[in-house]
1. If I compute solvent accessible area with a 1.4 Å probe over the protein chains, what percent of it on the range 285-330 is carbon and sulfur?
2. What is the calculated FRET efficiency for residue 154 to residue 45, with r their C-beta to C-beta distance and R₀ = 51 Å, to the nearest 0.05?
3. Show 39, 126 ordered by accessible area, largest first, where the area counts protein heavy atoms only and the probe is 1.4 Å.
4. So what's the angle, to the nearest 10 degrees on a 0 to 90 scale, between helix 20-30 and the longest Cα principal axis of the chain?
5. Assuming R0 = 25 Å, what is the FRET efficiency of residue 130 and residue 167, from their Cβ-Cβ distance, to the nearest 0.05?
6. Distance from a point 7 Å along Cα→Cβ of residue 315 to each backbone N in the range 269-307: keep the residues under 19 Å and list them by number.
7. Given the C-alpha atoms of the range 137-294, compute the convex hull and give its volume per residue in Å³.
8. Looking at the chain, which Cys residues are left with no other cysteine's beta carbon under 4.7 Å from theirs?
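The values are calculated or read from the model by the stated rules, or taken from the named source; none is laboratory data. Computed from a predicted structure; not experimentally measured. Note that each Cβ is placed from the backbone with ideal geometry, even for glycine, and that neighbours are counted across all protein chains shown. Only protein heavy atoms, including side chains, enter the accessible area calculation; ligands, DNA and RNA are left aside. Shrake-Rupley method; radii C 1.70, N 1.55, O 1.52, S 1.80 Å.
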Amino acid sequence: MTNLALVMGDTAQPLIETTIGRYFDATCARYPHGDALISAHQNIRMTYAELQGKVNALAVSLRRLGLRKGDRLGIWALNSAEWVLTQFATAKLGVILVNINPAYRTWELKYAINKVGCRALITSSSFKTSDYIAMLNELAVELAHSMPGGLDAHNLPSLRWVIRLGTEKTPGMLNFDNLLAPPSKGELETLQSLGDTLDANDPINIQFTSGTTGAPKGATLSHRNILNNGFFVGEAIKLKPGERLCVPVPLYHCFGMVMGNLGCLTHAATIVYPSESFDPAAVLRTVAAEGCIGIYGVPTMFIALLDHPDRPKYQFPKLRTGIMAGSPCPIEVMKRVISVLGMNEVTIAYGMTETSPVSFQSGTDDSLERRVSTVGRVQPHCEVKIVG
């Protein structure tokens, strides 16, 4: 192969060499009263101290269920406070979080769970026309006659625990809220000591790619992978402590859980979910009401915001930045995002799930032409080679 191009990212800013759980605790200690999470559609607000309390409670409860470092826990749900609680709780335990696309049908769910050997699954009850509980009962007919934790399903041989969101009771399943009971002092001490057994290079997340060449492929990512990617993405948009970032992109994808959740965590910023799935009216309303400084989305999302009939009702005085990714942005759309929404510092990002995800990102001061005609500069500590 011929070497056509080799580019190296800047290394002046050192990499974060700790686990997500340790970093999470450090941020909570430094900014206990700062807003950590606003889930507008659930009317939930948490400071970093409040978020830490619930994360610790959930982590302790998952450990009580028998989940240990290296076990896989799947999450099949939309954007919610429960999603981010699960993300940080599993990270503190060393349990590998498996992102399951809410659009999956029964065969895809079966494939994902069995491919990685999930021992536990956290699930929504339904979304739009998808009845998740019905699909699970179809796959695991044994659920209806099982005690929680005692599932032994022919089609899902690794799965033992099913934990559902919502207040309705379902045979064979636990309710998520029951896992948020306050832990004892001893349990918290044990949880804290577990952090010493984890390493930044341990796998902590499995994400399934689109599967354009067949069945979805599971990409395994480490604490170090995704924590650093979230940090440097946040650096590129000049995110600051206390600023609020609107995250309408799905959490099951890197765009939401890494660039959004971990980008905010590493900058002590506020994660803002306007709705459980993309709803342009909710985004406009939430960005205006909460004073968000940025929005993440793909170009079609921004077009929906610009063309929505409610858009003229709102003012966005703090909105300045964000990320547009997923597909090329037409120059006219970029012009409108800047002139109508005021996002003068919006950036373009490019990457792949396997690279945690962002490898290239434009700068907040790049020209309009560079933003729409390139994918920006290589991210810090990345090395990219083009061969032919």
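1. Summing carbon and sulfur atoms, their accessible area is 58 percent of the total for the range 285-330.
2. 0.70
3. Sorted descending by solvent-accessible area, the residues read 126, 39.
4. The angle comes out at about 70 degrees.
5. Between residue 130 and residue 167 the formula returns 0.80.
6. 284-294
7. Hull volume normalised by residue count: 198 Å³.
8. Here 28, 118, 254, 264, 329, 382 come out as lacking a disulfide-compatible partner, given the Cβ-Cβ threshold of under 4.7 Å.
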